[in-house]
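The values are calculated or read from the model by the stated rules, or taken from the named source; none is laboratory data. Just so you know, these numbers come straight off a predicted model, no measurement behind them. When we count neighbours, we look across all protein chains shown, and the Cβ atoms used for this are built from the backbone with ideal geometry, even at glycine.
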Amino acid sequence: MVTTTHEPGTLLRTTTWVWASQLVLTAVYAALAAYWLLAWPGSWRMWIGVCFLVLAAWIGGQGLWLARLRVRMTDDGVAVRGWRGESTYAWHEVRSIQGERRTWTTGQVVTITPHDGAPVTALARGGWFDDGFERNHRQLVDRWRRQAGRDATIA
């Protein structure tokens with residue numbers, strides 16, 4: 001359509017240290033889960049291992065989601081890559097770009113809403129110290145305003 005993944009453009013994504021630290025923490029929690037599950041099988045203490053296993057799965061899933069989520073901006077449009085593959089929109093097809101707070105588990109996200117489709121999550125805050133989130137959000141909105149010639153809808 002407008003953009004391919006091999007086409008040059010400005011790439012926006014979560015800083016590598018944010019999602020990589022979550023994956024390292026996942027390995028630590030998985031090791032703790034294995035210790036508690038294998039050291040006391042059949043005991044009430046194995047439930048501590050189950051809790052660590054659930055925590056490792058949740059943090060690992062969030063880390064993989066952040067690692068995969070990225071936006072590539074070109075002169076023609078914007079390509080958003082997430083869990084379901086890549087969606088590409090021309091700048092004039094974008095109705096709004098909104099920053100919103102979802103829940104305490106997902107935190108702040110930026111969604112791109114096309115004129116004829118459902119909103120797509122474009123960026124997400126990786127943690128409290130993720131300083132690149134505001135910069136990426138501002139850069140995406142500024143580029144859209146320049147290319148499409150209209151004001152962005154910011155929630």
> What strands (runs of 3 or more DSSP E), lying completely within segment 1-94, carry at least 1 residues that are surrounded by fewer than 14 Cβ atoms within 10 Å (Cβ to Cβ)?
Replying inline: 10-13, 85-90
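One line per residue, one yes/no per condition, for (1) out of contact with any helix residue (DSSP H, G or I) (no Cβ under 7 Å at 6 or more places or on another chain); (2) on the phi > 0 side of the Ramachandran plot; (3) modelled with pLDDT under 90; (4) not acidic (Asp, Glu):
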| position | (1), (2), (3), (4) |
| --- | --- |
| 29 | no, no, no, yes |
| 32 | no, no, no, yes |
| 51 | yes, no, no, yes |
| 57 | yes, no, no, yes |
| 62 | no, no, yes, yes |
| 70 | yes, no, yes, yes |
| 102 | yes, no, yes, yes |
| 109 | yes, no, yes, yes |
>> With under 23 Å from the mean Cα position of the chain (by Cα), over 20 Å from residue 112 (Cβ atoms) and among the polar types (S, T, N, Q) as the only criterion, which of 10, 16 stands out?
In response: 16
>> So residue 43 ticks every box in (1) over 21 Å from the mean Cα position of the chain (by Cα); (2) under 23 Å from residue 139 (Cβ atoms) but one. Which box is left unticked?
In response: (2)
>> Testing residue 47 on (1) modelled with pLDDT of 90 or more; (2) assigned by TED's automatic domain parsing to the domain that holds residue 133, one condition comes back false. Which one is that?
In response: (2)
>> Of the residues 133, 129, only one is at pLDDT below 70 and under 21 Å from residue 64 (Cα atoms); which?
In response: 129
